[in-house]
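The values are calculated or read from the model by the stated rules, or taken from the named source; none is laboratory data. Because the structure is a prediction, the values reported are computed rather than measured. Cβ sites come from the backbone with ideal geometry, for glycine too, and all protein chains shown count toward neighbours.
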Amino acid sequence: MLNEACGMLRRGHQMLLAAPARSRIYAEALKRGLPAHALPMERKSLAGYRALRALLKSEAVQLVNTHSSTDSWLTALACIGLGNAPAVVRTRHISAPIPANFGTRWLYSRAAARVVTTGEALRLQVIRETGADPDRVVSVPTGVDLALFRPGDRSAARAALAATASIDLAPDDFLVGIVATLRSWKGHRYLLDALALIADTRVKVVIVGGGPGEANLRRQAADLGLATRVIMAGQRDDVVPWLQSFDAFVLPSYANEGVPQAIMQAMACRLPIITTDVGAIGEVAKDGVTALMVRPQDADALAATILRLRGDPALREQLAGAALTQAQRGFSEEIMLDRMEAVFGAATDKAPIAATGASI
């Protein structure tokens with residue numbers, strides 16, 4: 001979301017971001033110098049509705065791009081009866097079931113001028129579960145900054161992390177890494193279960209990210225006797241050195257996924273990938289071509305696939321090379337920005353949004 005906002009600013013559009021004061025996106029927006037408004041939007045509430053409606057009245061907003069249930073509902077309600085109400089584009093990132101009720105159908109079919117999903121599977125889900133007009137629902141995968149996420153020297157990356165993060169990464173360690181929020185459905189616990197099945201102590205797991213599951217994962221690693229083989233790196237502003245230090249990237253999700261940005265970032269860093277065919281992952285990770293697919297929630301299969309990559313350098317090179325090629329051809333931020341400009345233009349009946357008007 002922040003990369004898209006910065007990209008739209010570069011292209012001459014006015015942007016502002018509305019988010020809760022304590023949210024991570026609000027803090028990151030301020031760090032990047034983006035115009036941001038702190039609103040009480042943590043939940044669906046009268047205070048959030050009033051604050052957002054006041055903001056929409058005070059700013060020349062042509063379009064609002066929402067990204068979650070809460071902000072979508074607050075925006076839709078705030079626009080009712082508002083003079084010169086902005087168009088609403090609802091972006092949906094995950095494949096969790098959509099509530100089957102009249103209000104949700106109205107939100108997707110009437111309140112939103114366009115719906116954007118991060119994968120085609122999600123697009124079809126929205127159409128199927130909400131009855132939205134297929135012509136008003138479009139798939140736009142999240143773009144990757146290919147100048148930032150790029151292949152790097154593995155040994156140099158490990159040496160840099162040893163110096164800056166006090167992490168001891170030996171040159172002959174086989175590092176299996178995951179970059180993801182620590183939520184249950186990302187499948188971290190199955191990765192640790194798989195590691196426990198691998199006798200080779202040089203195979204280690206690096207977990208980059210923060211979230212509500214951290215305490216459980218630390219406890220699981222200790223209970224399995226993996227304390228020396230699991231590196232909990234925590235939340236990191238710059239994940240590129242971590243990706244460049246990995247031998248393989250693993251995302252064993254079992255629910256809710258769209259097209260995970262971390263997979264596309266790993267591909268851009270030229271990494272072989274192990275993942276699951278959940279949500280829209282299969283649209284970018286092709287089994288046997290750019291990735292190896294395993295069954296969700298199957299630690300045995302995951303362990304076997306890690307060992308397969310461990311013992312087959314040629315396969316790792318083949319998968320990594322194909323992944324990088326695919327990333328360079330289809331995952332750039334500029335492609336995403338082109339497509340989102342077209343969506344925004346269609347939603348506002350302009351092509352593209354006038355640079356004098358703001359979008360939120």
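State yes or no: is residue 221 surrounded by 18 or more Cβ atoms within 10 Å (Cβ to Cβ) and touching a residue at least 60 places away in the same chain (Cβ under 8 Å)?
Values: surrounded by 18 or more Cβ atoms within 10 Å (Cβ to Cβ): yes; touching a residue at least 60 places away in the same chain (Cβ under 8 Å): no.
No.
Number of residues in region 132-166 that are within 21 Å of residue 248 (Cβ to Cβ), assigned to a helix (DSSP H, G or I) and not hydroxyl-bearing (Ser, Thr, Tyr) equals 8.
Is at least one residue of region 295-310 under 30 Å from residue 168 (Cβ atoms) and not in a helix (DSSP H, G or I)? No, because not a single residue in region 295-310 is under 30 Å from residue 168 (Cβ atoms) and not in a helix (DSSP H, G or I). Scanning region 181-200 for residues that are in contact with a Pro (Cβ under 7 Å, 6 or more places away or on another chain) and either within 21 Å of residue 267 (Cβ to Cβ) or not assigned by TED's automatic domain parsing to the domain that holds residue 237 (or both) yields 187, 191.
Residues in region 22-37 that are in contact with a strand residue (DSSP E or B) (Cβ under 8 Å, 6 or more places away or on another chain) and closer than 18 Å to residue 69 by Cα: how many?
Initial filter on region 22-37 (in contact with a strand residue (DSSP E or B) (Cβ under 8 Å, 6 or more places away or on another chain)): 25-26, 29-30, 34-37.
If we keep only those that are closer than 18 Å to residue 69 by Cα as well, we get 25-26.
Within region 22-37, residues that are in contact with a strand residue (DSSP E or B) (Cβ under 8 Å, 6 or more places away or on another chain) and closer than 18 Å to residue 69 by Cα number 2.
Table: residues versus (1) over 30 Å from residue 324 (Cβ atoms); (2) modelled with pLDDT under 95.
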position: 187; (1), (2): no, no
position: 198; (1), (2): no, no
position: 206; (1), (2): no, no
position: 214; (1), (2): yes, no
position: 236; (1), (2): no, yes
position: 239; (1), (2): no, no
position: 244; (1), (2): no, no
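Within the set 203, 230, the sole residue that is under 19 Å from residue 275 (Cβ atoms) and surrounded by 15 or more Cβ atoms within 10 Å (Cβ to Cβ) turns out to be 203.
Taken together, the residues in region 278-304 that are crowded, with 20+ Cβ neighbours inside 10 Å and either not assigned by TED's automatic domain parsing to the domain that holds residue 257 or not small (Gly, Ala, Ser) (or both) amount to 7.
Report yes if some residue within region 251-274 is surrounded by fewer than 17 Cβ atoms within 10 Å (Cβ to Cβ) and closer than 30 Å to residue 30 by Cα; otherwise report no. Yes, region 251-274 contains at least one residue that is surrounded by fewer than 17 Cβ atoms within 10 Å (Cβ to Cβ) and closer than 30 Å to residue 30 by Cα.
Within the set 156, 227, 170, the sole residue that is among the small types (Gly, Ala, Ser) and under 30 Å from residue 335 (Cβ atoms) turns out to be 156. Screening region 321-344 for residues that are of a type in the set (A, V, I, L, M) and under 17 Å from residue 249 (Cα atoms) and picking the one that is surrounded by the fewest Cβ atoms within 10 Å (Cβ to Cβ) gives 322. Every test in (1) farther than 20 Å from residue 194 by Cα; (2) in contact with a strand residue (DSSP E or B) (Cβ under 8 Å, 6 or more places away or on another chain) is passed by residue 256 save one, and that test is (2). The residues in region 321-346 that are touching a strand residue (DSSP E or B) at 6+ places or on another chain (Cβ under 6 Å) and at pLDDT below 95 can be counted, and the count is 1. Residues that are buried (at least 21 other Cβ atoms within 10 Å of the Cβ), more than 18 Å from the chain's Cα centre (by Cα) and either assigned to a strand (DSSP E or B) or in contact (Cβ under 8 Å) with a residue 60 or more places away in the chain (or both) within region 111-120 comprise just one, 114.
Cβ separations smaller than 8 Å between residues 6+ apart or across chains give the following pairs from region 167-179 residues that are assigned to a loop (DSSP other than H, G, I, E, B) and modelled with pLDDT under 95 to residues that are of a type in the set (S, T, N, Q) and surrounded by fewer than 24 Cβ atoms within 10 Å (Cβ to Cβ): 171/155.
For region 231-264, a tally of residues being within 14 Å of residue 176 (Cα to Cα) and free of Cβ contacts under 8 Å to residues at least 40 places away in the same chain returns 2. Looking across 53, 123, one residue alone is within 15 Å of residue 18 (Cα to Cα), touching a residue at least 12 places away in the same chain (Cβ under 8 Å) and among the basic types (Lys, Arg). It is 53. Do we have residue 318 as modelled with pLDDT of 95 or more, surrounded by 15 or more Cβ atoms within 10 Å (Cβ to Cβ) and assigned to a helix (DSSP H, G or I) here? Judged against the criteria, residue 318 is a match. Across region 40-76, the qualifying residues are those that are of a type in the set (A, V, I, L, M, F, W, C) and closer than 28 Å to residue 97 by Cβ, and the one among them that is surrounded by the fewest Cβ atoms within 10 Å (Cβ to Cβ) is 46.
Out of curiosity, is residue 126 among the aliphatic types (A, V, I, L, M), within 19 Å of residue 342 (Cα to Cα) and within 19 Å of the chain's Cα centre (by Cα)?
On the way: among the aliphatic types (A, V, I, L, M): yes; within 19 Å of residue 342 (Cα to Cα): no; within 19 Å of the chain's Cα centre (by Cα): yes.
It is false that residue 126 is among the aliphatic types (A, V, I, L, M), within 19 Å of residue 342 (Cα to Cα) and within 19 Å of the chain's Cα centre (by Cα).
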